[in-house]
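Quick notes on the structure that follows.
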Amino acid sequence: MELKSGELVHFRNPTEDDGSEMFRIVEESKVLDVNSPYSYLMWSKFFSNTSIVAETEDGEIIGFVSGFIQPEAPDTFFVWQVAVDSTYRGNGLATKLIHRILSQLKETEDVKYLEATVTPSNIPSSSLFRGMAKKYRANCAIFDCFTEEQFPTDDHEKELTYRIGPIQ
């Protein structure tokens with residue numbers, strides 16, 4: 001993929017060496033829930049086949065999607081996090097990352113649905129997933145997933161599930 005600046009971006013599955021950069025991007029986002037550094041190391045090692053990173057020609061990780069195939073719904077890919085380094089936002093990179101991982105998964109899995117949870121105040125993520133539904137000419141159902149009361153702290157909004165599909 002070529003960015004607006006002309007810089008080329010490559011896509012690949014992450015390795016455990018990418019976990020610290022995934023953590024950095026999320027931490028610097030100031031929007032996404034920051035999980036422990038250990039979780040990003042585990043995610044990039046044990047969920048590598050269902051995750052993807054974007055990197056510059058210099059090898060700098062500038063975005064990623066982490067996700068998994070739901071055990072109870074093997075036709076559903078759940079996006080755990082999608083993050084793009086602030087310097088590279090506005091290039092359609094998040095959309096391209098999701099499209100790439102879905103294309104990759106469709107080669108080996110029977111993925112027909114994309115799911116993610118989004119807080120009501122996260123307008124960029126809401127727009128991203130609504131845009132994915134339009135791109136795939138698929139339905140986008142939105143429903144409650146987790147209530148505010150289910151979180152162990154008082155400072156977390158409820159999470160809404162975005163379910164997109166069927167994806168052709």
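The values are calculated or read from the model by the stated rules, or taken from the named source; none is laboratory data. Quick caveat: nothing in here was measured; it's all calculated off a predicted structure. Neighbour counts are summed over all protein chains in view; Cβ atoms, including those assigned to glycine, are modelled from backbone coordinates with ideal geometry. Note: areas computed on protein heavy atoms with side chains; ligands, DNA, RNA excluded. Shrake-Rupley method; radii C 1.70, N 1.55, O 1.52, S 1.80 Å.
What is the gain in length, in nm to one decimal, between I123 and K30 on full extension, counting 0.36 nm per residue of separation less the C-alpha to C-alpha distance?
Fully extending the segment from I123 to K30 adds 32.1 nm.
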How would you classify the stretch 23-97 from its alpha-carbon gyration tensor, with a ≥ b ≥ c the square roots of the eigenvalues: rounded for a/c under 1.5, else prolate if a/b is greater than b/c, otherwise oblate?
-> prolate
Using a ≥ b ≥ c from the Cα gyration tensor of the chain (square roots of the eigenvalues), is it rounded, prolate or oblate, where a/c under 1.5 gives rounded and otherwise the larger of a/b and b/c decides, a/b for prolate?
-> rounded
FRET efficiency for E72 and T95, Cβ-Cβ distance as r, R0 = 35 Å, nearest 0.05?
-> 0.80
Starting from the Cα of D144, step 7 Å along the direction of its Cβ; do the same at L3; then give the gap between the two resulting points in nm.
-> 4.1 nm
The stretch 1-28-the stretch 63-85 distance, computed between alpha-carbon centres (Å) | 16 Å
Could you name the lysines whose alpha carbon sits less than 21 Å from that of K158, not counting residues in the same chain fewer than 8 places away?
-> K30
Residues of the stretch 79-168: accessible area per residue at 1.4 Å, in Å²?
-> 56 Å²
To the nearest 0.05, what FRET efficiency results for F151 and S103 with a Förster distance of 22 Å applied to their C-beta separation?
-> 0.05
To the nearest 0.05, what FRET efficiency results for Y38 and K135 with a Förster distance of 30 Å applied to their C-beta separation?
-> 0.30
May I ask you to derive the relative contact order of the chain, considering only C-alpha pairs under 8 Å and at least 6 residues apart, and to give it as an integer percent?
-> 17 percent
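Mind putting a number on the dipole of the stretch 19-168 about its Cα centre? Charges go on the C-beta only, +1 for Lys and Arg and -1 for Asp and Glu, and I need it in Debye to the nearest 20.
Values: 14 positive and 22 negative charges, 152 e Å.
Here the size comes out at about 740 debye.
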Leaving ligands, DNA and RNA out of it, work out the accessible area of T153 with a 1.4 Å probe and give it in Å² to the nearest 10.
-> 70 Å²
Please return the longest stretch of the chain lacking exposed loop sites, where trypsin sites (Lys or Arg not before Pro) count only if DSSP places them in a loop and at most 12 other Cβ atoms lie within 10 Å.
-> 31-136
Lysines within cross-link reach of K135: Cα-Cα under 18 Å, excluding same-chain residues under 8 positions apart?
-> K96, K106, K112
